[in-house]
Amino acid sequence: MKRLLITGAAGALGSMLRQRMAGYADVLRLSDVADLGEATEHEELVQCDLADGQAVMDLVKDCDAIVHLGGISVEKSFDLIEAANLRGVYNLYEAARAHGQPRIVFASSNHTIGYYGQNERLTASDPFKPDSLYGVSKIFGEAVASLYHSKFGQESALVRIGSCTPAPTDWRMLSSWFSHDDFISLIKTVFEVPRLGCTVVWGASANDTGWWDNSHADFLGWTPKDNAAAYADHIKTTVPQPDKEAAIAKYQGGVFTDEPIHKP
Ligand code: NAI
Ligand code: 15L
């Protein structure tokens with residue numbers, strides 16, 4: 001691959017991918033509204049706001065594939081979410097349409113379905129149950145991806161990421177954890193399979209107590225390798241078990257269900 005674009009490259013997952021995906025493409029084009037530091041030899045740095053349509057149009061030019069991580073990643077006021085996550089994702093898909101339709105990994109979220117109980121098991125066909133305006137914005141992103149697939153043939157992976165961290169750190173993450181290695185192997189699979197379509201993938205490792213069924217996406221040939229169960233003894237002996245009525249123990253989206261509607 002010649003040029004891979006990563007948006008949100010100054011963030012937690014973007015910084016990880018900046019390191020771990022170096023060498024996957026001839027050039028990594030890294031973008032964020034925040035400062036990205038110094039470019040290495042095989043990097044291009046573009047500081048821009050995803051809400052700026054012309055800037056995003058220029059950003060996507062000449063890219064062969066996109067990992068779209070940029071945007072608000074927690075619950076915030078509607079104004080902030082509207083600019084970065086609604087307008088931002090529209091700008092990205094319009095730019096992709098203008099520039100040869102590179103494949104897109106869209107970082108969706110478990111907060112699209114966060115109000116399901118932790119005693120429920122979901123498939124990709126289950127209806128949305130967002131737990132926040134943030135979750136609603138990810139549903140909007142998935143809908144834009146679906147529209148551009150039906151209308152123009154744009155291919156995307158809609159990765160409903162659980163909790164993508166170096167290791168699980170609480171009881172909920174024994175089910176929602178997505179290891180960095182598994183995320184990277186998924187991204188590579190998405191860019192290498194002959195046919196992607198517009199496919200939802202639950203972004204979770206092979207956790208013993210997982211909630212989400214990825215069998216609809218078996219055709220991708222992707223299998224997560226890590227399992228949060230390897231950390232279960234450590235978590236159960238070091239992290240107090242939450243009350244079963246607490247949001248973090250009751251809902252798949254955890255504490256996001258406790259969030260108010262934020263005002264600017
Ligand atoms: P993060 O908040 O660390 O990174 C997001 C980046 O987007 C930040 O560097 C921020 O400056 C940038 N950004 C925000 N608004 C922008 C705008 N208007 N224009 C350009 N850039 C903007 O989030 P993290 O954890 O790295 O997550 C990356 C993506 O994955 C996010 O879209 C998040 O919603 C999604 N995700 C992450 C999960 C996780 O476990 N880390 C779980 C589910 C989804
Ligand atoms: C997300 O969507 C957030 O971006 C991340 O910060 C975590 O809160 C994650 O979900 C999670 O649910 O653990």
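The values are calculated or read from the model by the stated rules, or taken from the named source; none is laboratory data. Being a predicted model, the structure only gives us computed values, none of them experimental. A quick note on method: Cβ atoms are made from the backbone with ideal geometry, for glycine too, and the neighbour counts reach across all protein chains shown. To get the accessible areas, we keep the full protein, side chains included, count just its heavy atoms, and leave off ligands, DNA and RNA. Shrake-Rupley method; radii C 1.70, N 1.55, O 1.52, S 1.80 Å.
Observations on the structure shown:
- Selection within region 2-15: residues that are near ligand 1 (Cβ under 8 Å from one of its atoms) and out of contact with any Gly (no Cβ under 9 Å at 6 or more places or on another chain). The member of this set that is least open to solvent (accessible area, probe 1.4 Å) is LEU13.
- Residues in region 148-173 that are of a type in the set (Gly, Ala, Ser) and either in a strand (DSSP E or B) or closer than 30 Å to ALA232 by Cβ (or both): SER156, ALA157, GLY162, SER163, ALA167.
- Among all positions in region 24-38, there is at least one residue which is farther than 26 Å from ASP131 by Cα, near ligand 1 (Cβ under 8 Å from one of its atoms), at pLDDT 95 or above and open to solvent by less than 20 Å² (accessible area, probe 1.4 Å).
- Qualifying residues in region 211-230 (those that are in contact with a Ser or Thr (Cβ under 8 Å, 6 or more places away or on another chain) and assigned to a helix (DSSP H, G or I)) - the one surrounded by the fewest Cβ atoms within 10 Å (Cβ to Cβ): SER215
- Search result, residues across region 67-79 that are more than 7 Å from ligand 1 (Cβ to nearest atom) and either under 15 Å from GLY14 (Cα atoms) or open to solvent by less than 40 Å² (accessible area, probe 1.4 Å) (or both): VAL67, HIS68, GLU75, SER77
- Condition check for ASP131: within 16 Å of ligand 2 (Cβ to nearest atom), in contact (Cβ under 8 Å) with a residue 12 or more places away in the chain and over 22 Å from LEU220 (Cα atoms): yes
- Test result for ALA83, touching a residue at least 40 places away in the same chain (Cβ under 8 Å) and not β-branched (Val, Ile, Thr): no
- Subset of region 80-103 (residues that are away from ligand 1 (no atom under 11 Å from the Cβ), within 19 Å of ALA55 (Cβ to Cβ) and either open to solvent by 10 Å² or more (accessible area, probe 1.4 Å) or not hydroxyl-bearing (Ser, Thr, Tyr) (or both)): TYR90, GLU94, ALA95, ALA96, ARG97, ALA98, HIS99, GLY100, PRO102
- Candidates TRP202, TRP177 - the one that is surrounded by 22 or more Cβ atoms within 10 Å (Cβ to Cβ), among the aromatic types (Phe, Trp, Tyr), without any contact (Cβ under 8 Å) to a residue 60 or more places away in the chain and under 23 Å from GLN118 (Cα atoms): TRP177
- Cross-chain or 6+ apart pairs with Cβ under 7 Å, region 65-80 first and at positive phi, then within 11 Å of ligand 1 (Cβ to nearest atom): GLY71/GLY8; GLY71/LEU50; GLY71/ALA84; GLY71/ASN85; GLY71/GLY88
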